[in-house]
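Before any comments, here is the structure.
Each reported figure results from applying straightforward, stated rules to the coordinates on display, with no laboratory input. No experiment lies behind these values; they were computed from the predicted model shown. Here the Cβ positions follow ideal geometry from the backbone for every residue, glycine too, while neighbour counts run over all protein chains shown.
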Amino acid sequence: MGKKITLSVIKADVGGNVGHSGVHPELLEKAREKLSGNPLLIDFYVAHVGDDINLIMTHEAGRNNGEIHQLAWDTFVECTEVAKKLKQYGAGQDLLADAFSGNIKGLGPGIAEMEFEERQSEPVIVFMADKTEPGAWNLPLYKMFADPFNTIGLVIDPKMHKGFDFEVRDTIENKKIVFSTPEDIYDMLVFIGAPGRFCIKRIFHRETKDIAAVSSTQRLNLMAGRYIGKDDPVCIVRCQSGYPAVGEALEPFTYPHLVAGWMRGSHHGPLMPVSMKEARPTRFDGPPRVVALGFQLAEGKLVGPQDLFDDPAFDQVRKEANRIANYMRRMGPFEPHRLPLDEMEYTTMPQVREKLKDRFIDLRK
Ligand code: F6R
Ligand code: MG
Ligand code: MG
């Protein structure tokens, strides 16, 4: 067996510039400085979407490696120092623990990692989103790996025709289940159609059993027991030769589906695919957006990135997303633009109820 490469994408919001809209260049510089020349890494790339810093790293240490996680944690801690100096908004907001304790899971930052033997040619896409939640990947991942109207390879490529296995997480009860597609599609949709709770964590090729895609499924608000930070998610997808073609992996984003997480993490809005240059959500702190960075791996080196949504072919979907954003905004504080009461990250309901308790007349008496 050949040597295995691990691709780790670890992200955190450690301070926004301005408000929650972007990341100051000095924070990105600090992250690059911290990762650069580190003997643990083969290569790295630092990016940001909105107020989240994404550390894209390759190495041979495997998934859940303590040293790699420590490196990411220390990087975010140092970026937080810069954020504090520049009085960035919410400095250190995603670092929930005071100190690192062996594994970054549960400490705040989002993680997506996959380990594989690099193929003859290894195209991968790193998707990164802001102002939304991990379940936002459910619909696009379903389309990429299980919908023949999106991915013609499922029908006409003998290497894909058998389908894919989907590992789905229940983020509330902390359970997982594996569905085999196409035969389990109807059962699976019962769950993944509820993206606030069930998230596609991993996808595997059914014949080779190799990893095809992985997402981050952290839910900060649940981990902390109260709302502290956002769960803005990342996702890695391997492409070509038995996996979706790059174009098949991008195609689901030509539909700006509605996701949760806009303004105060409490509104639905359309997910807009944008270039890195446009990854600064401003209107009503949004609308939610996604960037796709493509890399060719070469002995673990990240050759790239290609800024894949920086293409006029996505102009139409951006226009549609803005049209939907206008339509949704006109609902103001009403559902379903605003999330249902139990899913909002901010609420004044208990205080208002308390204040008005004597004015409510019980009609059952
Ligand atoms: C944060 C986000 C923003 C904030 C909003 C209020 O990622 O989605 O919409 O929730 O700007 O922020 P605070 O409560 O920090 O004033
Ligand atoms: Mg923020
Ligand atoms: Mg964010």
Response to the item:
Contour minus Cα-Cα span, L86 to D362, at 0.36 nm per residue, comes to 94.1 nm
Practice prompt. Work out from phi, with θ = phi - 60° and the Karplus expression 6.51 cos²θ - 1.76 cosθ + 1.60, the ³J(HN,Hα) of each residue of segment 102-111, listed in order in whole Hz, and give x for Gly and Pro.
Written response: x, 8, 6, 4, x, 9, x, x, x, 9
Worksheet item: For the chain, what log10 I(q)/I(0) values come out of the Debye formula at q = 0.06, 0.08, 0.09, 0.15 1/Å, with one point per alpha carbon and no solvent?
Response: -0.22, -0.39, -0.49, -1.38
Worksheet item: With contacts defined as alpha carbon pairs under 8 Å and 6 or more residues apart, what's the relative contact order of the chain in percent?
Response: 18
Worksheet item: In debye to the nearest 20, how big a dipole does segment 1-117 give about its Cα centre with +1 on each Lys and Arg Cβ and -1 on each Asp and Glu Cβ?
Response: 60
Worksheet item: Ranking S216, S21, S275 by Cβ neighbours within 10 Å, fewest first, what do you get?
Response: S275, S21, S216
Response to the item:
Between I172 and A97, the two model label points (7 Å from Cα along the beta-carbon direction) sit apart by a distance in nm of 2.7
Practice prompt. Could you sort 99-110, 326-337 so that the peptide with the highest average Cβ count within 10 Å comes first and the rest follow in order?
Written response: 99-110, 326-337
Practice prompt. Return the loop-located GluC sites (Glu not before Pro) in segment 155-211 (DSSP other than H, G, I, E, B) with at most 14 other Cβ atoms within 10 Å of their own Cβ; answer none if there are none.
Written response: E173, E183, E207
Worksheet item: chymotrypsin sites (Phe, Trp or Tyr not before Pro) within segment 103-163: which are DSSP loop residues with at most 13 other Cβ atoms inside 10 Å?
Response: F149
Fill in: Distant-in-sequence amide H partners of Q240 (H built 1.01 Å from N, under 5 Å)
A245, V246
Worksheet item: To one decimal place, what orientation-averaged projected area in nm² is obtained for the convex hull of the Cα set of segment 1-59?
Response: 4.2
Worksheet item: Picking from L35, L189, L139, which is most flexible by a Gaussian network model of the chain using Cα springs under 10 Å?
Response: L189
Worksheet item: Mean residue ellipticity at 222 nm from the helices of the chain, using -39,500 (n - 2.57) per DSSP H segment of n ≥ 4 over the full residue count, to the nearest 500 deg cm²/dmol?
Response: -7000 deg cm²/dmol
Worksheet item: With the contact rule set at Cα under 8 Å and sequence spacing of 6 or more, what percent relative contact order holds for segment 208-365?
Response: 18
Practice prompt. Filter the chymotrypsin sites (Phe, Trp or Tyr not before Pro) in segment 239-295 to those in DSSP coil with at most 16 other Cβ atoms within 10 Å of their Cβ, and list the result.
Written response: F284
Practice prompt. Rank Q218, Q88, Q120 by mean-square fluctuation in a GNM of the chain with C-alpha springs under 10 angstrom and give only the top-ranked residue.
Written response: Q120
Practice prompt. Read phi for every residue in segment 125-134 and hand back ³J(HN,Hα) as whole Hz from Karplus 6.51 cos²θ - 1.76 cosθ + 1.60, θ = phi - 60°, with x for Gly and Pro.
Written response: 10, 9, 9, 9, 10, 10, 6, 8, 10, x
Practice prompt. Quick one: which residues, 5 or more positions from K201 or on another chain, have an amide H under 5 Å from its amide H? H modelled 1.01 Å from N in the peptide plane, none for Pro or chain starts.
Written response: E167, V168, R169
Worksheet, complete the sentence: Taking every DSSP bridge whose two residues both lie in the chain, the antiparallel percent to the nearest 5 is 95
Worksheet entry | Listed residue pairs exceeding 23 Å between alpha carbons, taken from K105/K159; K3/K209; K4/K143; K11/K301; K11/K34; K131/K355 | K105/K159; K4/K143; K131/K355
Worksheet, complete the sentence: Farthest towards the positive end of the dipole of the chain, among Q296, V190, A61 and with Cβ unit charges of +1 on Lys and Arg and -1 on Asp and Glu, lies the Cα of V190
Worksheet item: Counting Lys and Arg as +1 and Asp and Glu as -1, what is the net charge of the other residues whose Cβ lies under 10 Å from the Cβ of H161?
Response: +1
Worksheet item: Over all Cα pairs of segment 289-334, how is the pair count split among 5 Å bins, expressed in % and running from 0 up to the last occupied bin?
Response: 5, 17, 16, 15, 12, 11, 9, 6, 5, 3, 1
Discussion item. Which one, G106, N326, V352, projects farthest toward the positive side of the charge dipole computed for the chain from Cβ point charges (K/R +1, D/E -1)?
Written reply: V352
Response to the item:
If each K or R counts +1 and each D or E counts -1, the residues other than N103 whose Cβ falls under 12 Å of its Cβ total 0
Worksheet item: How long is the gain from K355 to D74 if the chain were fully straight, where each residue apart is worth 0.36 nm and the alpha carbon distance is subtracted?
Response: 96.7 nm
